[in-house]
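One structure is given here, and the rest of the page talks about it.
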Amino acid sequence: MTAGTLTGRRLVVVNWRDLDHRQAGGAEIYAWQFARALREAGADVRFLTARDAGQSAAEDREGIAVVRGGSRSGFIPFALGWLLRHRDEVDAVIDPSCGLPSFSPLVLRRSTPVLLVVHHVHQAQFTAHLPAPAAALARWLERVLMRRVYRRRTVAAVSASTAAEMREQLGWTGDIRILANGADLPSYDAGRAVAKDADRIAVLGRLVTHKRVDLALEAVARAQHSAELAGRELHVDVVGQGPDRDRLEARAADLGIADRVTFHGYLSEAGKHAVLARASVHVCASDAEGWGQAVIDAAARGVPTVARDVPGLRDSILPGESGWLVPDDADHRVVVDRLAAALGDALVTTPDPSTRVRRAAACLAWAARFDWSRMRADARDLTTEMITEMLTGGATSSGLHHPRDARVAV
């Protein structure tokens with residue numbers, strides 16, 4: 001079985017946001033890399049996505065036909081209508097779940113292969129961010145309807161934590177493949193870590209409630225006032241945009257660290273690289289992630305991460321080498337105390353250049369196991385297997401790479 005099976009195949013990737021959407025994040029990068037993988041294998045690829053303000057209804061990008069329609073609430077009906085009209089022209093569908101999938105099998109032929117890709121389970125987030133009736137409906141759609149609609153389809157999760165959440169929270173009993181995320185790995189030498197600022201801390205990610213940037217800021221403020229860091233002037237670079245920015249700026253002021261926090265908003269890859277080139281430590285306090293994309297981005301630039309031991313983050317950090325995980329707790333005051341203690345321990349030794357270089361080397365060794373070229377190769381293999389299984393009615397063994405099983409010695 002080779003990727004040649006995909007040559008000339010008409011494949012559709014359905015993802016409710018694309019790279020140019022105002023709320024695009026890691027899931028959109030993943031979906032686009034998947035589409036690229038299929039195009040590289042010779043497939044005819046369409047990327048079905050919502051239409052944000054100012055976006056065209058259609059465009060060609062990197063040889064991939066982007067088709068847009070529907071708003072946030074109207075995208076699923078738009079996607080289902082498009083797939084129904086074109087189902088005779090579709091050989092397979094890649095259907096990522098970013099909260100909810102498109103439920104494409106409802107309108108496709110039973111013989112059309114579908115791959116459901118789950119980033120993480122949203123049961124708790126639906127409850128926290130939606131009115132009660134909408135939250136109850138969304139939870140049912142994810143927990144009950146999604147499992148029924150995709151029960152005879154190929155399913156993948158981006159991490160072992162997500163697969164475990166699917167089984168525990170959604171009652172998923174079928175096979176779940178692991179199709180790990182990737183990262184843009186720049187050319188970076190660990191020796192350059194001698195130029196890092198020992199007092200510079202980075203926080204990466206969209207500024208939305210569940211990313212808990214507020215807890216990261218509280219941990220920095222707590223660490224700043226510790227006896228171990230007396231005389232040090234910590235500075236935080238927050239990279240990302242989102243609706244929570246005003247609240248976070250106010251929180252920094254309340255904590256008395258507004259003059260030590262820079263909110264950069266969205267930055268290009270070059271801008272993000274410049275921030276991480278200065279940083280000695282990265283902090284991630286998210287409630288949960290499907291995968292810690294920001295963690296790998298930081299590690300690829302020699303920056304270890306202090307994070308909560310929660311799904312997604314525990315998959316993307318190699319404890320003691322590419323960062324530190326602190327036990328989670330329902331009481332966020334306890335979480336802040338633990339993050340502050342771990343951050344303080346990390347910062348105590350950052351003034352030593354040899355420590356910065358050693359940590360950077362460990363981070364780079366870990367990050368090297370995750371790159372988009374590896375993810376695209378795995379995506380092609382899994383799509384080929386899915387189509388072959390549907391055509392032959394048999395099963396094939398997956399040779400997908402799962403870097404989390406490896407350990408790095410430094």
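Bear in mind these aren't lab numbers, they're just calculated from the coordinates by the rules spelled out. On a predicted model such as this, the values are computed, not experimentally measured, just so you know. Note that we place each Cβ from the backbone using ideal geometry, even for glycine, and neighbour counts take in every protein chain shown.
Summary table below
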{"item": "Val334/Arg147 FRET efficiency (R0 41 Å; Cβ-Cβ; nearest 0.05)", "result": "0.75"}
{"item": "Estimated dipole of region 257-360 in Debye, rounded to 20 [Cβ of Lys and Arg +1, of Asp and Glu -1, Cα centre]", "result": "440"}
{"item": "DSSP bridge pairs, the chain: antiparallel proportion in percent, nearest 5", "result": "10"}
{"item": "Length added when fully stretched, Leu229-Asp352, from 0.36 nm per residue minus Cα-Cα", "result": "42.9 nm"}
{"item": "Coil-residue GluC sites (Glu not before Pro) of region 1-108, DSSP, other Cβ within 10 Å capped at 15", "result": "Glu62"}
{"item": "Computed E for Asp345/Thr388 - FRET, C-beta separation, R0 41 angstrom, nearest 0.05", "result": "0.20"}
{"item": "For the chain, with +1 on Lys and Arg beta carbons and -1 on Asp and Glu, the positive-most of Leu145, Ala252, Cys363 along the dipole", "result": "Leu145"}
{"item": "Helical mean residue ellipticity (222 nm; -39500 (n - 2.57) per DSSP H run of 4+; nearest 500) of the chain", "result": "-11500 deg cm²/dmol"}
{"item": "Per-residue HN-Hα couplings for region 381-386 [Karplus 6.51, -1.76, 1.60; θ = phi - 60°; Hz; x = Gly/Pro]", "result": "4, 5, 5, 4, 4, 4"}
{"item": "Gaussian network model of the chain, Cα within-10 Å springs - most flexible of Val118, Val283, Val149", "result": "Val149"}
{"item": "Angle in degrees between helix 269-278 and the longest Cα principal axis of the chain, rounded to the nearest 10", "result": "30"}
{"item": "C-alpha long axis of helix 213-224 to longest principal axis of the chain, angle in °", "result": "20"}
{"item": "Residue-count net charge about Tyr188 - beta-carbon cut-off 14 Å; Lys, Arg +1, Asp, Glu -1", "result": "+2"}
{"item": "Among Ala35, Thr49, Leu6 - extreme Cα towards positive end, dipole of region 1-63, charges at beta-carbon", "result": "Leu6"}
{"item": "Selected from Leu267, Ser73, Pro311, residue furthest toward positive end of dipole (the chain; charges at beta carbon)", "result": "Ser73"}
{"item": "Folded to 0 to 90 degrees: helix 332-348 orientation relative to the chain principal axis, Cα", "result": "60"}
{"item": "Gap separating the Cα centres of region 98-117 and region 43-73, nearest whole Å", "result": "18"}
{"item": "Amide N of region 201-219 lying under 14 Å from the label point, which is placed 7 angstrom from the Cα of Arg245 along Cα→Cβ", "result": "205-208"}
